[in-house]
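Right, one structure below, let's go through it.
The values are calculated or read from the model by the stated rules, or taken from the named source; none is laboratory data. What you see is a predicted model; the values in this text were computed from it and never measured. For neighbour counting, all protein chains shown are included, and Cβ atoms are generated from backbone atoms with ideal geometry for every residue, glycine included. Protein only, heavy atoms only, side chains kept; ligands, DNA and RNA dropped before computing areas. Shrake-Rupley method; radii C 1.70, N 1.55, O 1.52, S 1.80 Å.
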Amino acid sequence: LGDRVPFYVLPGALLILTMVTSVSTGSSWGTYAVAFPLAMPLAWAIVEGQGIANPQLYMSICFACVLNGGVFGDQCSPISDTTILSATTTGCDLMDHVKTQFEPALYTVGLSAVLWTASAVVIA
């Protein structure tokens, strides 16, 4: 995939994949355990195959995208321990709490995807 995936696609793809994984599992740390061993070698293969000018910065962007996606799911998943504890502690209905978290988190992650992709394009 290192030769076939354009470098500017990977940050957004990592963000989306880790968002889906973390919302599905309710665990940011579980997402990191699955995603990092797959994402970082792929990012390095893209760096080597496509001649990125600043490989350390590109790797940092990919690393941050995985972190962002994991935190998104941990914040918004109805099966996340932190979401359940927040709703229980405040006396709020769980799904009401999830609904109030999802909208601002989607705006934030959308902006993050655009800015991480733009950063990858600028450094290349």
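Taking the Cα centre of the chain as the origin and placing charges on Cβ (Lys, Arg +1; Asp, Glu -1), which of Thr100, Ala64, Gly51 is farthest toward the positive end of the dipole?
Gly51
So, R0 is 30 Å and r is the distance between the beta-carbons of Leu115 and Cys92; what FRET efficiency does that work out to, to 0.05?
On the way: r = 31 Å, r/R0 = 1.04.
With R0 = 30 Å, the Cβ-Cβ based efficiency is 0.45.
Can you tell me, using C-alpha contacts under 8 Å and at least 6 residues apart, the relative contact order of the range 1-85 as a whole percent?
45
Karplus couplings for the range 44-51 from phi (6.51 cos²θ - 1.76 cosθ + 1.60, θ = phi - 60°), rounded to Hz, Gly and Pro as x?
Result, rounded to whole Hz: 5, 5, 5, 4, 5, x, 10, x.
Calculate how large, on average over all directions, the projected area of the Cα convex hull of the chain is; give the answer in nm² to one decimal.
For the chain, the mean projected area of the Cα convex hull comes to 7.1 nm².
How long is the range 52-124 along each principal axis, judged by its Cα atoms, biggest number first, in Å?
51, 19, 14
For Glu103 and Ala13, calculate 0.36 nm times their separation in residues minus their Cα-Cα distance, and state this gained length in nm to one decimal.
Length gained, Glu103 through Ala13: 30.4 nm.
Would you please give the residues with an amide H less than 5 Å from that of Ile79, counting only those at least 5 places away or on a separate chain, with H modeled from the backbone geometry?
Those lying under 5 Å, H to H, from Ile79: there are none.
For Thr89, tell me the accessible area in Å² from a 1.4 Å probe, rounded to the nearest 10.
Surface open to solvent at Thr89 totals about 120 Å².
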